[in-house]
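Enquirer: Dumping the structure here so I can ask a few things about it.
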Amino acid sequence: MSLTVAHSFPVWLPQTQTWLYNQVRFLPAEVTSHIICKEVQNEDQFGLPNIHALSGPSSRFTRISTRLFRHVDYHLFVRRMCRRLEPDILHSHFGPVGWKNYIFLRIPPASRLEKIKRVVTFYGQDVDHLPKINPAWRKRYRDMFGQADLVLCEGSVMAGKVEALGCAAERIRVHHLGVDLKSLPFEPRTRKDGEPFRVLMAAAFRPKKGFLYGLRALEQVSQHHDVALTLVGDTTGDSVSEVEKQKIIDFLRGSPLRDRVRLTGFMTARDLYEEARSHHIYLAPSVTADDGDNEGGAPVSLIEMAATGMPVVSSRHCDIPGIVIDGRTGLLADERNVGGLATCLTQLMSRPESWLDIARNAREHIEAHYNAATQGERLYKLYESL
């Protein structure tokens, strides 16, 4: 069955959201995808056919209009494009985008728009953080759930949270985010005698990433093992991220770990993969932030790094345990448990002979459940079911 799907996403595409690019580009040939966005970023990395942008490349004008009108112009644009394209499905990415699409598609005359099936995917911040800081979203979501044909979640933990927000269980499906395994060759890590244990952390600087807990754990481990950390990422420009970056810098200034840490800023996905090849352990100590922000599902970077053959240490947070099966595909500590993270890191550093089995188990698990090509076919089947 041939299907036309319009993907609604205000900014196509921030550098930290490669997972959305893979979600669209791995849909099978039976699906014709159209990206409807307000502005375009990083088109050299995330270019696809049929990108329909209201304002073209990101500009000062689009940032001002977003602050003044809160994407009203964009959602009117989505409505206009849906009338023009007449897609079979409108797939709204992130809960708030889904609700606003729902509101604007209802504006009369709506007869040509009523036949469009509506799919909404939640990704994390939209599940816990937004309803906590603004309870009005609870009612908005309930209204949207009544009209959505399908609500997708990364894992079972997130699905339970979406159901608790008022979505009928029969409308919810777990759909894992996939990674491009062809671009992630399997290279089990080994360490040469005399070289430090090179640890990698990579993400935007936000409290939910738990970087400060990871740094404290590495500080403990460095008393007994020669470690070196590469921290890939930076602030995203908002006040919360800026504060988190300053906390990281302040910690490093007063830590004996400071001379063993390299801050790189953001990297392209390709550069990050290349950087990762020279590292032994990936550390992703995610937590639920004080404002409720969390991973929702799991960091895609964690899936990617585990797929390459790098042992991972992470936390029992959201849907991470579905990827990092403790003791089999990686090691887990409780959230905010610095000692637990240090124990996991020490275990890996003390037993490098265990790395190969962990790496093989992780690759097999990801090939079975998180392969972007397979997940593209599964998403098509979900579309087709509508």
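Read-outs throughout are calculated quantities, based only on the coordinates presented, and are distinct from any laboratory measurement. The model shown is predicted, which means the values in this text are computed figures rather than measured ones. Reconstructed Cβ throughout: ideal geometry from the backbone, glycine too, with neighbour counts over all protein chains shown.
Enquirer: For the chain, what is the charge dipole size about the Cα centre, in debye to the nearest 20, if Lys and Arg each add +1 at the Cβ and Asp and Glu each add -1 at the Cβ? Could you put the intermediate results ahead of the total?
Expert: On the way: 49 positive and 45 negative charges, 230 e Å.
Magnitude of the dipole: close to 1100 debye.
Enquirer: Give me the number: length gained by fully extending D234 to T264, i.e. 0.36 nm times residue separation minus the C-alpha to C-alpha distance, one decimal in nm. Could the numbers behind the result be given before it?
Expert: Values: separation 30, 0.36 × 30 = 10.80 nm, distance 0.82 nm.
Going from the current span to full extension adds 10.0 nm.
Enquirer: Can you tell me how region 182-369 classifies by the Cα gyration tensor, rounded, prolate or oblate, using a/c under 1.5 as the rounded cut? Before the final figure, lay out each step's value.
Expert: Numbers: a/c = 1.42, a/b = 1.20, b/c = 1.19.
Cα axes put region 182-369 in the rounded bin.
Enquirer: If r is the Cβ-Cβ distance from L356 to D290 and R0 is 30 Å, what FRET efficiency results, to the nearest 0.05?
Expert: Numbers: r = 39 Å, r/R0 = 1.31.
So the FRET efficiency works out to roughly 0.15.
Enquirer: 7 Å from Cα along Cα→Cβ at both Q15 and A368: what's the point-to-point distance in nm?
Expert: 3.6 nm
Enquirer: Here is a follow-up. Expressed in nm to one decimal, what extension gain is obtained for the pair D143 and K115 from 0.36 nm per residue of sequence separation less their Cα-Cα distance? If you can, show how the numbers build up before the last one.
Expert: Values: separation 28, 0.36 × 28 = 10.08 nm, distance 1.82 nm.
Value of the extension gain: 8.3 nm.
Enquirer: Along region 40-53, what does the Karplus equation 6.51 cos²θ - 1.76 cosθ + 1.60 (θ = phi - 60°) give for ³J(HN,Hα), rounded to whole Hz, x for Gly and Pro?
Expert: With the stated coefficients, region 40-53 comes to 10, 10, 6, 5, 5, 9, 10, x, 9, x, 6, 8, 10, 10 Hz.
Enquirer: Which GluC sites (Glu not before Pro) does region 250-314 hold that lie in a coil by DSSP with at most 15 other beta carbons within 10 Å? Each step should come with its number before you reach the end.
Expert: On the way: sites: E274, E275, E295, E304; in loops: E295.
Passing both the DSSP loop test and the Cβ count: no residue.
Enquirer: Quick one: how many lysine pairs in the chain have C-alpha atoms under 22 angstrom apart, if they're 8 or more apart or on different chains?
Expert: Going through the chain pair by pair, I get 20.
Enquirer: By average Cβ neighbour count within 10 Å, what is the ranking of 265-272, 73-80, 321-328 from highest down?
Expert: Details: 265-272: 14.9, 73-80: 20.4, 321-328: 17.9.
Highest to lowest by the protection proxy: 73-80, 321-328, 265-272.
Enquirer: Something else about it: Give the calculated FRET efficiency between E163 and K132 to the nearest 0.05, with a Förster radius of 25 Å applied to their Cβ-Cβ distance. Walk me through the numbers before you get to the answer.
Expert: Values: r = 17 Å, r/R0 = 0.68.
Plugging the Cβ-Cβ distance into 1/(1 + (r/R0)^6) gives 0.90.
Enquirer: Using Cβ contacts closer than 10 Å as the measure, can you line up D259, D88 from fewest to most? Could you put the intermediate results ahead of the total?
Expert: Details: D259 9, D88 19.
Ordered by Cβ neighbours within 10 Å, fewest first: D259, D88.
Enquirer: Where does helix 355-369 land angle-wise versus the long Cα axis of the chain, in degrees 0 to 90, nearest 10?
Expert: With rounding to tens, the tilt is 10 degrees.
Enquirer: Give the value in nm², to one decimal: projected area of the alpha carbon convex hull of the chain, averaged over all directions.
Expert: Values: hull surface 73.6 nm².
Averaged projected hull area, Cα only: 18.4 nm².
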